[in-house]
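Here's the structure, in structure tokens; my notes come after.
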Amino acid sequence: MQGYGPRPTPTGDRHWRGSARFALGCALLFLGMTLLVDLDGETLTPARTLLWLALTALLFTILFPQRVTAGPGWLEVRGLLRRQTVRTDELVAVRRHGRVTALLTFRDTDGYRLDLDPRVLIANPLLWHELDTGVRRSRERGTLLEGTDVLEQLAHQIDDATTQAILKASGFS
């Protein structure tokens, strides 16, 4: 393929590895504590060991973070059990659900949808940049019919968080 440069590397959640290690650590700590309590009480049996292993696996599944990546024109969220991808340059709607635990829902022209915690975008400006670039293309194409106000509010939150981080790093906060 002459004339084409290397494909751009997708941008990912920079905090994902730490969150995944935290989930694993919590699950292993739970397993260790339950086995120690059972050993100390001399009540550890193979059935109880299987129960603690199953509960540890459940805890890990609950705590394991979704992996968010973005590239030119797409956004993807992968969990342990499912994967969601939307075309950010062909978005139709963006909705915000909930006030305390907010969730963004993106829907593209192909009918695919993706649910995402907005805190991931606030904590990762490069992910936000990829999404914002795709959103601009959706606006130019006229496909984004619903949710521009939601994205503008999110942009203000991200700008505020970035400004606070800069001020804090500069010693002004």
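The values are calculated or read from the model by the stated rules, or taken from the named source; none is laboratory data. All values derive from a computational prediction rather than experimental measurement. Here Cβ is always computed from backbone atoms with ideal geometry, including for glycine, and neighbour counts include all displayed protein chains. For the accessible areas, the whole protein counts, side chains as well, though only heavy atoms, and no ligand, DNA or RNA atoms are used. Shrake-Rupley method; radii C 1.70, N 1.55, O 1.52, S 1.80 Å.
Here the 3J(HN,Hα) profile of the stretch 145-157, calculated from phi with Karplus coefficients 6.51, -1.76 and 1.60 at θ = phi - 60°, is 9, 9, x, 5, 5, 5, 5, 5, 4, 5, 4, 5, 4 Hz, Gly and Pro shown as x.
3J(HN,Hα) along the stretch 105-110: 10, 10, 9, 10, 5, 7 Hz, from the Karplus curve 6.51 cos²θ - 1.76 cosθ + 1.60 with θ = phi - 60°, whole Hz, x for Gly and Pro. The candidate values are (i) 1, 7, 12, 15, 15, 14, 13, 11, 6, 3, 2, 1, 0, 0; (ii) 1, 8, 13, 16, 14, 12, 10, 8, 6, 5, 4, 2, 1, 0; (iii) 1, 9, 19, 23, 23, 17, 7, 1, 0; the one derived from this structure for P(r) over Cα pairs in 5 Å bins from 0, in percent carries the label (ii). If the chain linking HIS156 and ALA102 were pulled fully straight, counting 0.36 nm for each residue of separation and taking away their Cα-Cα distance, it would gain 17.9 nm. Based on Cα contacts under 8 Å between residues 6+ apart, the stretch 65-152 shows a relative contact order of 31 percent. If a spin label sat at a point 7 angstrom from the Cα of ALA165 along the line to its beta carbon, the backbone N atoms of the stretch 127-152 nearer than 11 Å would be those of 127-129. Taking all protein chains into account, the per residue accessible area for the chain stands at 67 Å² (1.4 Å probe). Each Lys and Arg contributes +1 and each Asp and Glu -1, all at the Cβ; summed about the Cα centre of the stretch 63-121, the dipole is approximately 280 debye. Only Cα pairs under 8 Å and 6+ residues apart enter the sum, and on that basis the relative contact order of the chain stands at 19 percent.
Rounded to the nearest Hz, the phi-derived 3J(HN,Hα) couplings of the stretch 57-63 under the Karplus curve 6.51 cos²θ - 1.76 cosθ + 1.60 (θ = phi - 60°) are 4, 5, 4, 4, 4, 5, 7, where x marks glycine and proline. Charge dipole of the chain (Cα centre as origin; +1 on each Lys and Arg Cβ, -1 on each Asp and Glu Cβ, all else neutral): 260 debye, rounded to the nearest 20.
Counting heavy atoms of the protein chains alone, TRP74 has an accessible area of about 60 Å² for a 1.4 Å probe. Helix 16-40 and the longest principal axis of the Cα set of the chain meet at an angle near 10°.
Efficiency by 1/(1 + (r/R0)^6): what FRET value for GLU146 and LEU39, r their Cβ-Cβ distance, R0 = 45 Å, to the nearest 0.05? FRET efficiency, GLU146 to LEU39: 0.20.
Selection among VAL100, LEU131, GLY79 by position relative to the dipole of the stretch 79-139 gives VAL100 as farthest towards the positive end (Cβ unit charges, Cα centre).
For the chain, the 222 nm mean residue ellipticity estimated from helices alone, with every DSSP H stretch of n ≥ 4 adding -39500 (n - 2.57) and the total spread over all residues, rounds to -17500 deg cm²/dmol. Overall, the accessible surface of the stretch 82-173 at a probe of 1.4 angstrom is composed of carbon and sulfur to the extent of 50 percent. Once the Cα atoms are used to define both axes, helix 125-141 deviates from the longest principal axis of the chain by about 40 degrees.
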